[in-house]
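Comments concern the structure below.
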Amino acid sequence: MSIEYLKKNKPGNERSADDQKVRDIVEKTLTEIEQGGDNAVKTLSEKFDNYSPASFRLSQSEIDELIQQVSPQDLDDIKFAQTQVRNFAQAQRDSMTDIEVETLPGVILGHKNIPVQSVGCYIPGGKFPMVASAHMSVVTAAVAGVPRIIAATPPFHGKPNPAVIAAMHLGGAHEIYVLGGIQAVGAMAIGTESIAPVDMLVGPGNAFVAEAKRQLFGRVGIDLFAGPTETMVIADDTVDAELCATDLMGQAEHGYNSPAALLTTSRELAEATLKEVDRLLEILPTAETARKSWEDYGDVILCSTHEEMLDLANEMAYEHVQIMTDRDDWYLEHMHSYGALFLGPRTNVSNGDKVIGTNHTLPTKKAGRYTGGLWVGKYLKTHSYQRITTDEAAADIGARCSRLCILEGFVGHAEQANVRVRRYGNRHVEYGTAAQ
């Protein structure tokens, strides 16, 4: 490989130290919630959000009042976005069928797709009110048929954000809480006196929310580790620096630790993009945040060939991958580790984040190597079952099972099979000799 870094991100050891601090804070906070329940959650909300209502759960009248504060145009746009998400999620759900097959005469095997029974959806909103996250988690859970969907979002400027609450309600949330950060996901997973625990946590968040989900995994299910956003642009000389820089800074504004990388085969494009980023950071209203992310977590990487870019992109396994080249379909065919692809200059990551219909809760920190993003299937558990309908099948399968059990030394297992051979095959058997 002949790879040249025109700009390189923060050293890995510094990032590891930051991660350890987050882990320690989260572990301590979750312990406080488990031991203190509602009182601990209230204390944490006062500490981190300066917010301490009589009840964190909104009543129906409070929800209705907040929705009335949303303009008709904004409500229409929310409904449009949710329709796109719902339609795609429904198409995905329709692709998942229950099956039942007769694998041998008298042997019936099948599976059913059953919704998780309760889900806690976290919708970020402390710095930016993430209206779209409600579509991605709540709407998709509703399409999956989850019977109890609860949603939590932090206060915005000291009070519930009307647009976020509207999106939660319209999306199908059964309970809505104005609660943020570790205390929100901790309360939903662990449970308190006033919040019944859920079976699964979903939704993106900052480093603390992502780490809380990691530590709670096992006690509850989670969708995936969706931490600080990552964006990668793969480009050649078919596009210009304005598109590349805009797509990088458009995601770097998420937080102070949002990685953004440009992979290109064009030195001219790489150098021009660096200059364009500097220009954007002089005029972008969110430049303070984006600049910090770019300084600490930004990469500009010059590669010799598309094959080098492909290999490096698969190795880095970023959350969002914007591809603008003369062979976009080639990348679609060969990319195997990522969150979501955005193919060609006409689309962009923001479309996926907000409105187009694909889900924006996606794997970060190389989790794209082993999982895709949130989708309707994440809320469904595929459970198998079996049935034997003839005496002949019971005796035949039982005889084979008995021998295989004895092969492993499981005599009790073998007798479960043997009793079926004796009963349905009308044959006397000893341990492990049923088919002889």
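The values are calculated or read from the model by the stated rules, or taken from the named source; none is laboratory data. Here the structure is a predicted model, which means the values were calculated and not measured. Because the Cβ atoms are built from the backbone with ideal geometry, glycine has one as well, and the counts that use them run over all protein chains shown. Side chains included, ligands, DNA and RNA excluded: accessible areas come from the protein's heavy atoms. Shrake-Rupley method; radii C 1.70, N 1.55, O 1.52, S 1.80 Å.
Of the cross-linked pairs K47/K354; K159/K213; K8/K47, those separated by over 29 Å at the C-alpha level are K47/K354; K8/K47. Helix 72-94: angle to the longest alpha-carbon principal axis of the chain, degrees 0 to 90, nearest 10? Helix 72-94 sits roughly 30 degrees off the main axis of the chain. Each Lys or Arg adds one and each Asp or Glu takes one away; over the other residues whose Cβ falls under 13 Å from the Cβ of G377, this sums to +1.
Taking the convex hull of the Cα atoms, report for the range 8-156 its projected area averaged over all directions, in nm².
15.9 nm²
The mean sequence separation of alpha-carbon pairs under 8 Å and at least six residues apart, normalised by the residue count of the chain, gives a relative contact order of 19 percent. Rolling a 1.4 Å probe over the protein heavy atoms of the chain, with every protein chain left in place, gives an accessible area that is 50 percent carbon and sulfur. Each part gets one Cα centre, and for the range 178-226 versus the range 304-379 those centres are 26 Å apart.
Spatial offset of the range 25-81 relative to the range 268-303 amounts to 34 Å, using the alpha carbon center of each. Over the range 318-394, accessible surface divided per residue gives 50 Å², non-protein components excluded, 1.4 Å probe.
E211 sits among other residues whose Cβ lies under 12 Å from its own Cβ, and their net charge, with Lys and Arg +1 and Asp and Glu -1, is +2. Rounded to two decimals, the Cα-based Rg/Rh of the chain, with Kirkwood Rh, is 1.08. Taking the DSSP beta bridges in the chain as the whole, what percent of them are antiparallel, to the nearest 5? The antiparallel fraction comes to roughly 35 percent. Our summary gives the range 238-385 a relative contact order of 21 percent, counting only alpha carbon pairs under 8 angstrom and 6 or more residues apart. Where does helix 267-283 land angle-wise versus the long Cα axis of the chain, in degrees 0 to 90, nearest 10? Helix 267-283 sits roughly 70 degrees off the main axis of the chain. For V26, the shell of other residues with beta-carbons less than 9 Å away shows a net charge of 0, using +1 for Lys and Arg and -1 for Asp and Glu.
In this view, the solvent-accessible surface of Y385, computed with a 1.4 Å probe and all protein chains in place, comes to about 70 Å². Under a 5 Å amide H cut-off, with hydrogens placed 1.01 Å from N, K381 pairs with I114, V116 among residues at least 5 apart or on other chains. Please label the shape of the range 108-188 as rounded, prolate or oblate, based on the square roots a ≥ b ≥ c of the eigenvalues of the alpha-carbon gyration tensor (a/c under 1.5 means rounded; beyond that, a/b larger than b/c means prolate, else oblate). Because a/c hits 1.5 or more and a/b exceeds b/c, the range 108-188 counts as prolate. Between 0 and 90 degrees, rounded to the nearest ten: what's the tilt of helix 181-190 against the longest Cα principal axis of the chain? Computed tilt is about 10 degrees.
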